[in-house]
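**Q** Quick one: structure below, then a few questions.
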Amino acid sequence: MRLSGTLYVRLCTDTDITSALVGEPPPQRAGQRYEEAQSFVESRKGLRRKPGFTIDNLYADYLKVATSPYSRAQFYRLVGQLWSKERGSIKLHHKYGEKLYVDYTGKKLSYVDKATGEVIYTEVLVTILPASQYIYVEAMPSQKQGDFVQGIMNAMEYIGGSPQGIVTDNLKSAVTKAGKYQSTINKSLQAMALHYGTTIDPTRSYRPKDKALVEGAVKIVYNSIYYAVQKHTYFSLAQLNAAIQEELTKLNARQLSNSDESRTDRYKQEKQHLSALPKYRYEVKQYRKAKVQKMGYVLCSSYKNYYSVPYRYIGKQVELRYDTKVVEIYHQAQRIATHTTSQAKGMYTTEQSHLSSNNKAYTEWS
């Protein structure tokens, strides 16, 4: 500043510079002022779980009782010091052939329908073998149960074997009911796991660290596959997946940082520890509950047709388990009927032994 023609220059201290750059310094952990604020914050720690709690509300209460209150910025820093908790982590050493992590990407890919010109967006499934970090990627129409199960089977065929366990997220296609300690696995997914000699191990709800490895794989896929694939236009899902596979081969063959090996090199070692795939591919089964009608038939809602059951089960709740070949009907976990799947809508498929004696006699009349 200039006074009476003389220029005075004030030298800034380290504290002044820090305050200008990052705001006010954090409260010093000493003195009556700090101890008063610390005691107040610690005594209100239980309020954090109550609805409507904010730090602003806490600061307003603090101003009412403090003899020499901190500024808002310093109070926020104090709360951060007292309530923040640094959590350690651990380096996990994965065994060959032990697990396969599965997840969907958040961002979608797309292709163009030639007939209509419509842009069709696809879900993208990513799997990774944690020991070798070998990645598989596939675009699919949806996250529905059938597509999800087919994607996992395609991943196991890509790696040439089945792991001891498959780690999935708590999406509806995998888990019927999520639990804190144990989740209920979707029946179709569970049946597929039994067919391939593996198990399903869902992650815990709201525990992102349980699937940190596959989350990292998703980021790698964004950088290494999405960037290259999105430069072109595709006119079918098959074309899109062909482009993905081309980039995926390059990704797995690329040398890993801090290593002389690639994912493919490590995979060759892990493949020996995977269980052999079954001779036949699993046929995805659907499950539906139905009530036996008065005529002795149940409706298969997927195909809009009807199948007979023994007449003594009329009015009872049953479960249908079916695929494109066979329809099985269960009552209280006991199979009571089996039929060949019919694709004709409104068709009644009847087994004569299911009819009552009166109905059977009626069908035999000339």
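**Q** Among the residues of region 95-129, write down those that are within 27 Å of Ser262 (Cα to Cα), outside any loop (DSSP other than H, G, I, E, B) and either among the polar types (S, T, N, Q) or open to solvent by 50 Å² or more (accessible area, probe 1.4 Å) (or both).
**A** Lys99, Thr127
**Q** Given (1) touching a Phe, Trp or Tyr at 6+ places or on another chain (Cβ under 7 Å); (2) open to solvent by 20 Å² or more (accessible area, probe 1.4 Å); (3) assigned to a loop (DSSP other than H, G, I, E, B), where does Ser132 come up short, assuming only one miss?
**A** (2)
**Q** Further, regarding this structure: Restricting to region 351-366, count the residues that are within 52 Å of the chain's Cα centre (by Cα) and not hydroxyl-bearing (Ser, Thr, Tyr).
**A** 6
**Q** Does Lys285 satisfy the condition of being of a type in the set (Lys, Arg) and open to solvent by 70 Å² or more (accessible area, probe 1.4 Å)?
**A** For Lys285, the condition - of a type in the set (Lys, Arg) and open to solvent by 70 Å² or more (accessible area, probe 1.4 Å) - is not met.
**Q** How many residues does region 100-130 contain that are under 20 Å from the mean Cα position of the chain (by Cα) and either under 18 Å from Thr249 (Cα atoms) or hydroxyl-bearing (Ser, Thr, Tyr) (or both)?
**A** Step one: of region 100-130, the residues under 20 Å from the mean Cα position of the chain (by Cα) are 100-109, 121-130.
Applying the additional criterion that residues be either under 18 Å from Thr249 (Cα atoms) or hydroxyl-bearing (Ser, Thr, Tyr) (or both) yields 101, 104-105, 121-122, 124-130.
Of the residues in that region, 12 qualify.
**Q** With respect to Ala60, is the statement that it is modelled with pLDDT of 85 or more, loosely packed, with under 10 Cβ neighbours inside 10 Å and hydrophobic (A, V, I, L, M, F, W, C) true?
**A** No, not satisfied.
**Q** So if I check each of Thr324, Thr349, Thr340, which one is of a type in the set (S, T, N, Q), surrounded by 10 or more Cβ atoms within 10 Å (Cβ to Cβ) and at pLDDT 90 or above? Spell out how you get there, then give the answer.
**A** On the way: Thr324 fails: at pLDDT 90 or above; Thr340 fails: surrounded by 10 or more Cβ atoms within 10 Å (Cβ to Cβ).
Exactly one residue qualifies, and that residue is Thr349.
**Q** Go through (1) in contact with a Gly (Cβ under 9 Å, 6 or more places away or on another chain); (2) not in a helix (DSSP H, G or I) one by one and return the number of the condition Tyr70 breaks.
**A** (1)
**Q** Right, here's the next one. Using beta carbons and a limit of 7 Å, which pairs, at least six apart or on different chains, have the first residue in region 104-132 and within 15 Å of Val218 (Cα to Cα) and the second one open to solvent by 40 Å² or more (accessible area, probe 1.4 Å) and aliphatic (A, V, I, L, M)?
**A** Once the first residue is within 15 Å of Val218 (Cα to Cα) and sits in region 104-132, its partners that are open to solvent by 40 Å² or more (accessible area, probe 1.4 Å) and aliphatic (A, V, I, L, M) give Ile128/Leu213; Pro130/Leu213.
**Q** Can you tell me which residues in region 25-45 are open to solvent by 60 Å² or more (accessible area, probe 1.4 Å) and either at pLDDT 75 or above or under 14 Å from Pro69 (Cα atoms) (or both)?
**A** Gln28, Gln32, Arg33, Glu35, Gln38, Ser39, Glu42, Ser43, Arg44, Lys45 - these are the residues of region 25-45 that are open to solvent by 60 Å² or more (accessible area, probe 1.4 Å) and either at pLDDT 75 or above or under 14 Å from Pro69 (Cα atoms) (or both).
**Q** Condition first: open to solvent by 10 Å² or more (accessible area, probe 1.4 Å), touching a residue at least 12 places away in the same chain (Cβ under 8 Å) and closer than 17 Å to Leu355 by Cβ. Now tell me which residues in region 297-318 satisfy that.
**A** Selection gives Tyr297, Tyr306, Pro310, Tyr311, Tyr313, Ile314, Gly315, Lys316.
**Q** Now for a different question. Could you check region 293-320 and list, in sequence order, the residues that are more than 16 Å from Thr349 (Cα to Cα) and part of a strand (DSSP E or B)?
**A** Listed by number, the residues that qualify are Gln317, Val318, Glu319.
**Q** Only residues that are of a type in the set (Lys, Arg), open to solvent by 30 Å² or more (accessible area, probe 1.4 Å) and touching a Ser or Thr at 6+ places or on another chain (Cβ under 7 Å): list them for region 240-267, please.
**A** Arg254, Arg266, listed by residue number.
**Q** Under 8 Å by Cβ, and 6 or more places apart or on different chains, what pairs join a residue from region 142-153 that is more than 13 Å from Ala191 (Cβ to Cβ) with one that is of a type in the set (Gly, Ala, Ser) and buried (at least 20 other Cβ atoms within 10 Å of the Cβ)?
**A** That search, which allows pairs on different chains as well, returns Gln143/Ser173; Lys144/Ser173; Asp147/Ser173; Phe148/Ser173; Phe148/Ala174.
**Q** Let me ask something additional. Quick one: in region 249-292, of everything that is touching a Lys or Arg at 6+ places or on another chain (Cβ under 8 Å) and part of a helix (DSSP H, G or I), which residue is nearest to Ser188 (Cα to Cα)? Walk me through it before giving the result.
**A** Pass one, region 249-292, residues touching a Lys or Arg at 6+ places or on another chain (Cβ under 8 Å): 251-254, 256, 262-263, 273, 283, 285-287, 291-292.
With part of a helix (DSSP H, G or I) added as a condition, the list becomes 251-253, 263, 273.
Numbers: Leu251: 32, Asn252: 31, Ala253: 34, Arg263: 31, His273: 26 Å.
Selected residue: His273.
**Q** Right, Thr168: touching a Gly at 6+ places or on another chain (Cβ under 7 Å), over 18 Å from Thr249 (Cα atoms), modelled with pLDDT of 80 or more and crowded, with 19+ Cβ neighbours inside 10 Å or not?
**A** Values: touching a Gly at 6+ places or on another chain (Cβ under 7 Å): no; over 18 Å from Thr249 (Cα atoms): yes; modelled with pLDDT of 80 or more: yes; crowded, with 19+ Cβ neighbours inside 10 Å: yes.
Here the answer is no, as Thr168 does not meet what is asked.
The values are calculated or read from the model by the stated rules, or taken from the named source; none is laboratory data. Everything quoted here is computed from the prediction, not taken from an experiment. Quick reminder, even Gly has a Cβ in these numbers, built from the backbone with ideal geometry, and neighbours come from all protein chains shown. The protein model used for the area step is the full one, side chains on, heavy atoms only, and it has no ligands, DNA or RNA in it. Shrake-Rupley method; radii C 1.70, N 1.55, O 1.52, S 1.80 Å.
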